[in-house]
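The values are calculated or read from the model by the stated rules, or taken from the named source; none is laboratory data. Owing to the predicted nature of the structure, the values given are computational and were not obtained by experimental measurement. Positions of Cβ are backbone-derived with ideal geometry, glycine not excepted, and every protein chain shown enters the neighbour counts. These accessible areas exclude ligands, DNA and RNA; they are computed on the full protein's heavy atoms, side chains included. Shrake-Rupley method; radii C 1.70, N 1.55, O 1.52, S 1.80 Å.
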Amino acid sequence: MDYKLLSIRSSKLTNLQIKNICDLKDKEWKHGKKNQFKWFKKNIKSKDIHNMVYIRSKIIGYTALRNKIFKIENSKIKKKYLLFDTLIISKKYRGKKISKILMDFNNSVIKKSKIFSLLICNTKLVSFYKKNGWSHIKKKNIKIIDRKSNKNFMIFNKKLSNKKNYNFYFE
């Protein structure tokens with residue numbers, strides 16, 4: 001299977017690429033293409049990274065790495081991290097190792113950025129992310145400031161101290 005990998009900042013995306021991303025997302029999360037586009041315009045910033053898998057000229061896999069800020073509790077220092085947002089593979093191509101290809105690509109992009117990435121997932125996905133080099137983080141050390149979540153936290157490209165508490169901003 002011939003595929004092409006593409007990593008591109010939001011500021012460089014074409015309108016057609018944005019439309020194709022929103023179309024792919026709407027096949028999984030049926031909120032309507034109009035709402036997908038509205039969410040994209042509201043939440044995606046110009047320096048966010050979009051990793052895509054193409055077969056011929058059709059997008060079949062997608063991940064967003066959104067630039068965000070975290071802070072160590074009781075400290076004024078804020079640092080950047082990449083929020084791993086949206087891993088989706090077109091239903092037609094699931095079970096063909098495309099998610100592994102996209103995860104390897106995501107991990108290499110994260111390493112090149114020289115910052116770490118955090119994701120939130122359901123319990124059933126923890127083993128998938130662990131197989132792809134991500135580590136599970138204890139919930140007691142993480143606090144999401146601008147959103148509530150009782151899901152699992154995974155991290156890539158960094159080890160967080162179990163002796164510190166970290167505040168993450170998503171919005």
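For the reader, a short list of remarks on this structure follows.
- Carbon + sulfur, % of accessible area of the chain - ligands and nucleic acids excluded, 1.4 Å: 51 percent
- The eigenvalues of the Cα gyration tensor, multiplied by 5 and square-rooted, give region 15-146 an equivalent ellipsoid with semi-axes of 26, 18, 14 Å from largest to smallest.
- Sorted largest first by accessible area at a 1.4 angstrom probe radius, with every protein chain in place, the residues Asp26, Asp104 fall in the order Asp104, Asp26.
- In this structure the chain gives 61 Å² per residue of accessible area when probed at 1.4 Å with all protein chains present.
- Simple label model, 7 Å out from Cα along Cβ direction - Lys78 to Asn15, nm: 3.3 nm
- Region 38-80 residues near the modelled Lys143 label - backbone nitrogen below 12 Å, point 7 Å along Cα→Cβ: 71-75
- Pairs spanning more than 18 Å between alpha-carbon atoms, out of Lys12/Lys33; Lys112/Lys158; Lys27/Lys58; Lys12/Lys100: Lys12/Lys33; Lys12/Lys100.
- Relative to the dominant Cα principal axis of the chain, helix 98-113 is inclined by about 50°.
- In the elastic network of the chain, a GNM with C-alpha springs shorter than 10 Å, the most mobile of Leu83, Leu102, Leu125 is Leu125.
- Relative to the longest principal axis of the Cα atoms of the chain, the long axis of helix 33-43 makes an angle of roughly 40 degrees.
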